[in-house]
Amino acid sequence: MLNQELSAQIRQDLQDARMLLEQSGTQDERKKYRKAAEIILLKTLYLDPENAGARALLQSVRAAAPEQSREDVPFIVTPTRTGSSQKDVKKKFRFKLPFMLIAMLAAGGGILRIAYSHRLNPNALAAPAAQKARPRESDFRPALSLTPQPVPVSSNVPTPATNPVPVPTPARQVLVVRAPAPPPIAISTAVGKLAVSSPIPAEIYASDRYIGSTPTTLELPAGRQTLEYRHGDLRTAVSHEIKPDETATATITFSATLQINAKPWAQVFLDGAQRRPLGQTPLSDISVPIGGVLVFENPNFPAKSYRITEKDTAIQVNFP
C-alpha cells in the first residue's frame with residue numbers, strides 16, 4: 001500500500017513539473033516556474049533515484065537555464081549513482097522500509113484507537129479540559145519545609161462531622177404470572193359423503209359458495225352440514241348429518257301452494273313410494289312438492305295424473 005501511494009505521489013509530481021515547464025509568461029516568471037519544477041524533480045529523484053522521466057526532465061530544465069546555480073535550490077540531491085553505490089542505496093532503502101512501515105502502522109493504530117475511544121465516550125474530549133480547569137489539592141497546600149515544625153496542641157480540637165452513608169433502597173421487583181396457554185382446538189379431518197337428488201335440477205350452495213348441482217355426490221366434513229338448494233326463484237335450506245366414511249342420501253323438493261279442481265269431481269292423491277291422499281276436489285291452498293305427481297280418481301272414469309311444475313298455481317282436470 002505504501003509503494004502504491006509512493007508511486008502515485010511520484011506520478012503526480014512529474015505531472016506538476018511538466019505543467020510548470022509548460023507555463024508561459026515573462027522571463028522572471030518562467031525562471032520561477034523552472035525553479036519550482038526543478039525542486040519537484042529533485043524531490044522525485046530523492047524518492048526514486050532510478051526514475052528516468054524525472055532525470056530527463058531535470059536535464060532539460062538545467063539545459064534550458066544553465067545560468068541557474070545550484071544554490072537557488074533549497075536542497076541538493078546527489079546525482080544518480082551507478083554500480084555498487086546504487087546497490088548500497090537500495091540496500092539502505094530496503095533496510096529502512098520495514099521500520100518506516102512499522103512506525104506508520106503504529107501511529108495509524110494509535111490514531112484509530114483514540115478516535116474510536118472518543119466515539120464511544122463523547123465526554124472524553126471534555127474531561128482533560130475539565131481536569132485542567134479543576135483546582136488541584138496541591139494548589140492549596142503550603143510549601144513543605146524540611147525543617148520540622150512544632151505542632152501546637154489544643155484541647156479544643158473539633159470533632160470531624162460524620163456524614164451518614166445513604167443506604168440504597170432495593171429496587172421493586174414485579175412478579176409476572178402468565179396464564180397457561182389454552183390447549184389447541186382439535187379440528188376433525190374426517191369426511192363423509194352425501195348423495196343428493198331432486199325431482200327438478202337444483203343448484204347447491206354452502207355459505208353462498210356454489211359446490212354443485214343435483215343429482216350429485218358431495219364429500220363433506222363429518223358432522224351437521226346445512227346446505228342451500230336453489231331452482232330459479234325457489235330456495236330451500238336443508239341440514240344433513242354426515243358420518244365419517246359413510247354415504248348419506250337425500251331427496252330435495254321445492255314446495256308450491258296450488259288450487260286443485262276436477263270436473264265433475266275426483267279424489268286426489270300424491271303419488272310416490274307411499275301414496276298420500278290430499279282429499280276430494282275442489283281443494284284450496286294445498287302445499288305439494290314441485291315435480292311431484294298428482295293422481296285424480298273418479299269411479300265412473302279412468303284415473304288421470306298430472307306432474308306439478310314451478311309455474312303452476314292452479315290445476316283443473318276434466319273427465320272423461
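Against the definition (under 24 Å from residue 198 (Cβ atoms) and either part of a loop (DSSP other than H, G, I, E, B) or more than 60 Å from the chain's Cα centre (by Cα) (or both)), how does residue 304 come out, yes or no?
no
Just so you know, in the stretch 254-297 the residues that are aromatic (Phe, Trp, Tyr) and part of a loop (DSSP other than H, G, I, E, B) include one that is surrounded by the most Cβ atoms within 10 Å (Cβ to Cβ), and it is 254. Just one of (1) without any contact (Cβ under 8 Å) to a residue 24 or more places away in the chain; (2) closer than 29 Å to residue 307 by Cβ; (3) exposed (fewer than 13 other Cβ atoms within 10 Å of the Cβ); (4) hydroxyl-bearing (Ser, Thr, Tyr) trips up residue 207, so point out which. Checking residue 207 against (1) without any contact (Cβ under 8 Å) to a residue 24 or more places away in the chain; (2) closer than 29 Å to residue 307 by Cβ; (3) exposed (fewer than 13 other Cβ atoms within 10 Å of the Cβ); (4) hydroxyl-bearing (Ser, Thr, Tyr), the one that fails is (2). Does residue 200 satisfy the criteria of being open to solvent by less than 50 Å² (accessible area, probe 1.4 Å), assigned to a loop (DSSP other than H, G, I, E, B) and not aromatic (Phe, Trp, Tyr)? Here the answer is yes, as residue 200 does meet what is asked. Candidates are the residues of the stretch 214-227 that are open to solvent by 50 Å² or more (accessible area, probe 1.4 Å) and either farther than 13 Å from residue 250 by Cα or among the hydrophobic types (A, V, I, L, M, F, W, C) (or both); the one that is nearest to the chain's Cα centre (by Cα) is 221.
Taking the stretch 298-320 as the search range and keeping residues that are touching a Gly at 6+ places or on another chain (Cβ under 9 Å) and surrounded by fewer than 16 Cβ atoms within 10 Å (Cβ to Cβ), which one is farthest from residue 265 (Cα to Cα)?
310
Within the stretch 232-239, does at least one residue satisfy the condition of being outside any strand (DSSP E or B) and open to solvent by less than 30 Å² (accessible area, probe 1.4 Å)? Taking every residue of the stretch 232-239 in turn, none turns out to be outside any strand (DSSP E or B) and open to solvent by less than 30 Å² (accessible area, probe 1.4 Å). The lone criterion from (1) under 30 Å from residue 224 (Cα atoms); (2) more than 60 Å from the chain's Cα centre (by Cα) left unmet by residue 312 is number (1). Out of the residues in the stretch 17-65 that are of a type in the set (Gly, Ala, Ser) and open to solvent by 60 Å² or more (accessible area, probe 1.4 Å), state the one that is nearest to residue 5 (Cα to Cα). So, considering only residues that are of a type in the set (Gly, Ala, Ser) and open to solvent by 60 Å² or more (accessible area, probe 1.4 Å), the one nearest to residue 5 (Cα to Cα) is 52.
The values are calculated or read from the model by the stated rules, or taken from the named source; none is laboratory data. Bear in mind the structure is a predicted one, so any value in this text is a computation, not a measurement. Note: ideal-geometry Cβ built from the backbone for every residue, glycine included; neighbour counts use all protein chains shown. For the accessible areas, the whole protein counts, side chains as well, though only heavy atoms, and no ligand, DNA or RNA atoms are used. Shrake-Rupley method; radii C 1.70, N 1.55, O 1.52, S 1.80 Å.
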